[in-house]
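The values are calculated or read from the model by the stated rules, or taken from the named source; none is laboratory data. Keep in mind that what you see is a predicted model, and the values were worked out from it rather than measured. Positions of Cβ are backbone-derived with ideal geometry, glycine not excepted, and every protein chain shown enters the neighbour counts. Just the protein is used for accessible areas: all its heavy atoms, side chains included, with ligands, DNA and RNA removed. Shrake-Rupley method; radii C 1.70, N 1.55, O 1.52, S 1.80 Å.
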2 protein chains.
Amino acid sequence: MLKISKKADYALMALQHIASVQFGDVTPGRVVNTKEIAEEYNIPLELLAKVLQVLSKNGLIESHNGPKGGYLLARSARQITIAQILESIEGPLAITDCSHEKDGDYCMQREHCNIRTPLLKIQDSIYQLLNNMTLGDMMGGTPLITIQSPSVQGVER
Amino acid sequence: MLKISKKADYALMALQHIASVQFGDVTPGRVVNTKEIAEEYNIPLELLAKVLQVLSKNGLIESHNGPKGGYLLARSARQITIAQILESIEGPLAITDCSHEKDGDYCMQREHCNIRTPLLKIQDSIYQLLNNMTLGDMMGGTPLITIQSPSVQGVER
DNA sequence: TGATCTCCGATCAATATGGTCGCACTAAAG
DNA sequence: CTTTAGTGCGACCATATTGATCGGAGATCA
């Protein structure tokens, strides 16, 4: 449950790769093309291409056309949050349908719905979690994040 | 993205309803049958029935057969967590496929996968969030949960 | 014994997803 | 200025998941 799509997975891998090349020690500033990423991680080329196009359209990466072209982070890795990446691919984060319902699109259960408010709270917590972690945090062999077990609860009884 | 299924939605509504009847002021201890819940919340009867059967099989509620039969919480509302409910319906919580992969079921990207560890951390945080909120917390008009904004991050830079 | 209920399994339709194909456009290199 | 390697883009299909439905078997109580 709560699985994220493969496209989103691919997006995360690709961005991590681009970032590590761009800011790495070997060939800093080099652009990365789709083929390179696809081969490195065994991702279907065309699908990855589409993912990267979306990321580009949403301003997370910049594309450079022509030969020797490729992709580049649009801003620093620390300014790209996981939430931005996921939402860019999968649309707005919404645990439940009724969280962003426009008028005329009411759910049948709405009038007596008793779980809406709590679910929205949960959704909010998850969003904050994802929005407080950046691509920069994901970089490097040693993960930079650590979970503060007791405080992550966000729930008071 | 990260949407939970309608079955899970129904499960939450049903459990909330059962709990509120069982521990409410009007008819405490009364059993609740499927039809009552289905009509109250406009849920397809047969689908709800299946959801309740699963919850029953997983030990969250008790079923009583025959006329005047119905469902009852198997234990106190405070001892039933949201995580238990969701996992009961949708299977184990797994943001990404590779989080519970058995041997022989490797993902293609595994060898160079750079996002596995961070994703597992995120998954863990979400699980704790869901596991620290109980059915009891969802009860009543006033939601009992409050988000501790700064501490929910679980991320250190 | 009949009515009312849960239980269980098979099945179907709709939707979402993963993956593919083809072509137009752009920019660097000769 | 032509070639070529690359992105941009939209249509398309196959499959998996999900939501929903149906039919009947087994309890329980009046």
Quiz prompt | Any pair with Cβ under 8 angstrom, 6 or more apart, that starts in the range A:1-13 at a residue that is in contact (Cβ under 8 Å) with a residue 40 or more places away in the chain and ends at one that is more than 14 Å from DNA strand D (Cβ to nearest atom) and assigned to a loop (DSSP other than H, G, I, E, B) | solution = A:Leu12/B:Ile115
Quiz item: Taking the condition open to solvent by less than 10 Å² (accessible area, probe 1.4 Å), over 20 Å from B:Gln123 (Cβ atoms), within 14 Å of another protein chain (Cβ to nearest Cβ) and more than 16 Å from DNA strand C (Cβ to nearest atom), does A:Ala14 pass?
Solution: no
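Can you pull out the residues in the range A:21-44 that are of a type outside the set (Ser, Thr, Tyr), within 13 Å of chain B (Cβ to nearest Cβ) and either within 12 Å of DNA strand C (Cβ to nearest atom) or farther than 16 Å from B:Asn114 by Cβ (or both)? Show your work before the answer.
Narrowing the range A:21-44 to residues of a type outside the set (Ser, Thr, Tyr): A:21-26, A:28-33, A:35-40, A:42-44.
Add one more test, that the residue is within 13 Å of chain B (Cβ to nearest Cβ), and what stays is A:21, A:24, A:36-40, A:42-44.
The answer is A:Ala38, A:Asn42, A:Ile43, A:Pro44.
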Quiz item: Hey, does the range A:67-84 have a residue that's within 11 Å of DNA strand C (Cβ to nearest atom) and in contact with a Lys or Arg (Cβ under 7 Å, 6 or more places away or on another chain)?
Solution: no
Quiz item: In the range A:73-90, is there at least one residue being of a type in the set (Lys, Arg) and more than 18 Å from A:Met133 (Cα to Cα)?
Solution: no
Quiz item: Just checking, how many residues over the range B:45-83 are within 14 Å of chain A (Cβ to nearest Cβ), surrounded by fewer than 19 Cβ atoms within 10 Å (Cβ to Cβ) and within 11 Å of DNA strand D (Cβ to nearest atom)?
Solution: 2
